[in-house]
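Note sheet for the following structure.
The values are calculated or read from the model by the stated rules, or taken from the named source; none is laboratory data. No experiment lies behind these values; they were computed from the predicted model shown. Backbone-built Cβ (ideal geometry, glycine too); neighbour counts: all protein chains shown.
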Amino acid sequence: MKLHRRQLILTSFVLALGAAVYLNWHFSDDKGLNSTDILQTQKELGEARYVNTSKTHETEEQNEPIANISKETKEYFANAKMERQKSRDEATQLIKSSLSGTDLDEKSKSDALANSQEIAKAIQQESNIENLIKAKGFGECMAFMQNGECSIIVNPGSLNESSVITIRDIVSGQSGIPFEKIKITEAK
């Protein structure tokens, strides 16, 4: 009798699965999908679209990188990146010298190691934020993280309400910093 129950349960599961597959096939909307449809949709992967807004064309134009950035702006970004790298190198050198010092106790060395890990984490987060902002089409930008706050500098003319929300979302997602502690400014 036990064998009959198991067979009955197994048969009902198979029938239920078969019915689910048939209903899924019957009600699916991909009938008539051919390979040319698939090839045409692949170029749109990852493309951001704004929905239910009358400012769609304005916001798409705002998020495109500005090709005619002034020479001063280009120089500002180059100098700022050079200064940031210089300060990072100095901090790294200071940590290395403190770690290699023989007169330090274990607590001082562990503090220096923790500081070096925090600096490395901040460098990685800043780099990720900058790359994601550039990928969204804002052009050149810089991120500075310090004391639980983040400052972002972007190209002039690239900020509007939706772009500020996009940038804050990127920063918060990468660093966990709340929106109210994220400052976004345009380079002049």
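If we scan segment 130-145, do we find a residue that is surrounded by 13 or more Cβ atoms within 10 Å (Cβ to Cβ), out of contact with any Phe, Trp or Tyr (no Cβ under 8 Å at 6 or more places or on another chain), polar (S, T, N, Q) and modelled with pLDDT of 80 or more? Yes, because at least one residue in segment 130-145 is surrounded by 13 or more Cβ atoms within 10 Å (Cβ to Cβ), out of contact with any Phe, Trp or Tyr (no Cβ under 8 Å at 6 or more places or on another chain), polar (S, T, N, Q) and modelled with pLDDT of 80 or more. Only one entry in Ser98, Ser87 is in contact (Cβ under 8 Å) with a residue 12 or more places away in the chain, among the hydroxyl-bearing types (Ser, Thr, Tyr) and either loosely packed, with under 12 Cβ neighbours inside 10 Å or part of a helix (DSSP H, G or I) (or both), namely Ser98.
Those residues that are over 21 Å from Met82 (Cα atoms) and over 15 Å from the mean Cα position of the chain (by Cα), I need them from segment 124-166; list them, please.
To start, the set of residues in segment 124-166 that are over 21 Å from Met82 (Cα atoms) comprises 135-137, 147-149, 157-166.
Passing the criteria: Asn147, Gly148, Glu149, Gly157, Ser158, Leu159, Asn160, Glu161, Ser162.
Taking the numbered list (1) touching a helix residue (DSSP H, G or I) at 6+ places or on another chain (Cβ under 9 Å); (2) among the hydrophobic types (A, V, I, L, M, F, W, C); (3) surrounded by 15 or more Cβ atoms within 10 Å (Cβ to Cβ) in turn, Phe179 passes all entries but (3). Of all residues in segment 124-166, those being part of a helix (DSSP H, G or I) and either of a type in the set (Asp, Glu) or under 23 Å from Glu75 (Cβ atoms) (or both) number 8. Quick one: is Lys183 in contact with a strand residue (DSSP E or B) (Cβ under 6 Å, 6 or more places away or on another chain), in contact (Cβ under 8 Å) with a residue 24 or more places away in the chain and of a type in the set (D, E, K, R)? Criteria met by Lys183.
Per the listing Ser172, Ser110, the residue uniquely over 25 Å from Tyr76 (Cα atoms), outside any loop (DSSP other than H, G, I, E, B), touching a Phe, Trp or Tyr at 6+ places or on another chain (Cβ under 9 Å) and without any contact (Cβ under 8 Å) to a residue 24 or more places away in the chain is Ser172. Do we find a residue being charged (D, E, K, R), closer than 19 Å to Ser87 by Cβ and under 14 Å from the mean Cα position of the chain (by Cα) anywhere in segment 167-180? Taking every residue of segment 167-180 in turn, none turns out to be charged (D, E, K, R), closer than 19 Å to Ser87 by Cβ and under 14 Å from the mean Cα position of the chain (by Cα).
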